[in-house]
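The values are calculated or read from the model by the stated rules, or taken from the named source; none is laboratory data. Note that the coordinates shown come from a computational prediction; the quantities given were computed from them, not determined experimentally. FYI the Cβ positions are ideal-geometry reconstructions off the backbone, even for glycines, and counts take in every protein chain you see.
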Amino acid sequence: MNVQTFVQPTPGSPIELADTSITAESPASLPSLLELSQPELAELVAQQGQPAFRARQLWEWIYKHYAADFDEMTNLPKTLRTALAATATVNPLSLVTQVVSAAGDTQKVLFRLPDGKTIEAVLMIYDKRRTLCISSQAGCGMGCTFCATALGGLGRNLTAGEIVAQVLYFARYLARPEAEPKMAIARPTAVTNIVLMGMGEPMHNYRNVWTALRRLTDADAFGLGARHITLSTVGLIPMIDRMADEGLQINLAVSLHAPNDKLRNQLVPINARYPVAELLAAVERYITKTNRRVTFEYALMAGINDSQPLALELATKLRALHCHVNVIPLNPVPDSPFQPTSDQETQRFVQTLNENGVPATVRIRRGIEINAGCGQLQRAMESA
Ligand code: SF4
């Protein structure tokens, strides 16, 4: 590939893309090297008349040292850095805002994409873990009725490079905690876990998500263990079957939120296409094939899906599966009819699942005051 003719790949998916024109305030859009595989990067460097080891140096600057700019790559010849900078960029994302929770343990970032659309990513700091929640699409077309991201619909799929770039941003930040916003970060100073639970439905952008996952888990690139990554889906059955054949030990999480079609159709509209019984059958196939435990996400909403009969119905349907249920107190969305269940009712719901043979725990809610729920910061910024 010639650096002069290098064109950013178009997002690959069956989804029709919305307007991707560049807005007036968006940065000049140069293609990002994060879209390239190692052989493609080698070809690019060879086109510059440079020896092969220069491509290796460039790759390591990006994936091992998290360089975001060619100027940082001090062992590359200035002529090569200048030539690359004229036609490409490393990082396709620009920072719009980064907010830190009062406790300092949650940071949410709003990034602008080259076409002006915005996406969110969240860093959650635990004792021994540094977990990133990243986005797979700008917006989302799944229309879940309780979700802030759904309100704006789908903008477009993220490219593989835009997905990887979110991780590299925080890897760089954790490795250099003196960077803004200043914050004391104890070890580990590396990304330890990634969850694809930000904006978008990862299975709806399957090809780009899996290109990104292979880059993130490749020991020669970012090199995070697949078992430390979780992909969350509302339940696109064909893609769950496809994931079972990928051969990477990425964790699967299914956002269920209701044990029957009548209720789930109201909360998760894609359920009309992939009903509960078929979804659970797909999960069973997945477990049989991979021998891996699956997580079900269940966001508790007061008076909607948190009753004891529903807890019992859920337990009955999940009991035979090798699974775990993450019960999530809903992050409240302003003006939404969906409000979080009380702590007491949440504990009762979890207890009923546990007493009826389904392992369940409450996921700690993080960053309410910084709009850490999916899609909330973006909406807050838009309405500010
Ligand atoms: S909950 Fe997830 S899948 Fe549903 S609309 Fe929001 S981002 Fe999309």
Among the residues of segment 345-362, which ones are under 19 Å from I304 (Cβ atoms), surrounded by 18 or more Cβ atoms within 10 Å (Cβ to Cβ) and of a type in the set (A, V, I, L, M)? V350, L353, A360
The lone exception for R319 - which of (1) in contact with a strand residue (DSSP E or B) (Cβ under 9 Å, 6 or more places away or on another chain); (2) farther than 19 Å from P238 by Cα; (3) among the charged types (D, E, K, R) it fails: (1)
Log entry, pairs with first residue in segment 29-50 being β-branched (V, I, T), second being at pLDDT 95 or above and in a helix (DSSP H, G or I), beta carbons closer than 6 Å, six or more apart or on different chains, reads V45/R54; V45/A55
Tell me, yes or no, whether segment 155-162 has at least one residue that is at pLDDT below 95, within 29 Å of L267 (Cβ to Cβ) and within 15 Å of the ligand (Cβ to nearest atom). no
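Is it fair to say L267 is within 22 Å of the chain's Cα centre (by Cα), of a type outside the set (D, E) and under 25 Å from T316 (Cα atoms)? Even if it seems obvious, please write down each step before you answer.
Working: within 22 Å of the chain's Cα centre (by Cα): yes; of a type outside the set (D, E): yes; under 25 Å from T316 (Cα atoms): yes.
Answer is yes for this residue.
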Does N291 satisfy the criteria of being crowded, with 21+ Cβ neighbours inside 10 Å and either under 22 Å from the mean Cα position of the chain (by Cα) or closer than 21 Å to L321 by Cα (or both)? no
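Enumerate the strands (runs of 3 or more DSSP E) found wholly within segment 185-260, keeping only those where 3 or more residues are without any contact (Cβ under 8 Å) to a residue 40 or more places away in the chain.
Filter on segment 185-260 gives 229-233.
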Lone unmet requirement of (1) surrounded by 20 or more Cβ atoms within 10 Å (Cβ to Cβ); (2) part of a strand (DSSP E or B) for N91: (2)
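Can you say whether D245 is charged (D, E, K, R), away from the ligand (no atom under 14 Å from the Cβ) and farther than 23 Å from S37 by Cα, as far as the supplied structure shows?
Values: charged (D, E, K, R): yes; away from the ligand (no atom under 14 Å from the Cβ): yes; farther than 23 Å from S37 by Cα: no.
When the stated conditions are applied, D245 does not pass them.
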Taking the conditions exactly as written (near the ligand (Cβ under 9 Å from one of its atoms), touching a residue at least 60 places away in the same chain (Cβ under 8 Å) and within 18 Å of P202 (Cβ to Cβ)), does A165 satisfy them or not? no
Among the candidates P11, P31, P27, which residue alone is at pLDDT below 95, loosely packed, with under 15 Cβ neighbours inside 10 Å and either within 15 Å of A165 (Cβ to Cβ) or in contact with a helix residue (DSSP H, G or I) (Cβ under 8 Å, 6 or more places away or on another chain) (or both)? P27
So which residues in segment 186-217 are farther than 20 Å from W59 by Cα, modelled with pLDDT of 95 or more and small (G, A, S), if there are any at all? G200
Give the number of residues within segment 184-207 that are away from the ligand (no atom under 16 Å from the Cβ) and not β-branched (V, I, T). 7
Can I134 be described as β-branched (V, I, T) and touching a strand residue (DSSP E or B) at 6+ places or on another chain (Cβ under 6 Å)? yes
Return the residues of segment 199-228 that are surrounded by 24 or more Cβ atoms within 10 Å (Cβ to Cβ) and on the phi > 0 side of the Ramachandran plot; say none if nothing qualifies. G200
Being loosely packed, with under 14 Cβ neighbours inside 10 Å and within 27 Å of A121 (Cα to Cα) is the requirement here; does D105 meet it? no
Contacts under 7 angstrom Cβ, first residue in segment 262-279 being aliphatic (A, V, I, L, M), partner surrounded by fewer than 19 Cβ atoms within 10 Å (Cβ to Cβ), 6 or more apart: L267/T145; A272/N265; V276/N260; V276/D261
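For segment 103-137, enumerate the residues that are small (G, A, S), touching a residue at least 24 places away in the same chain (Cβ under 8 Å) and away from the ligand (no atom under 11 Å from the Cβ).
Step one: filter segment 103-137 for residues small (G, A, S), giving 103-104, 116, 121, 135-136.
Filter once more, keeping what is touching a residue at least 24 places away in the same chain (Cβ under 8 Å): 104, 116, 121, 135-136.
Within segment 103-137, G104, G116, A121 meet the criteria.
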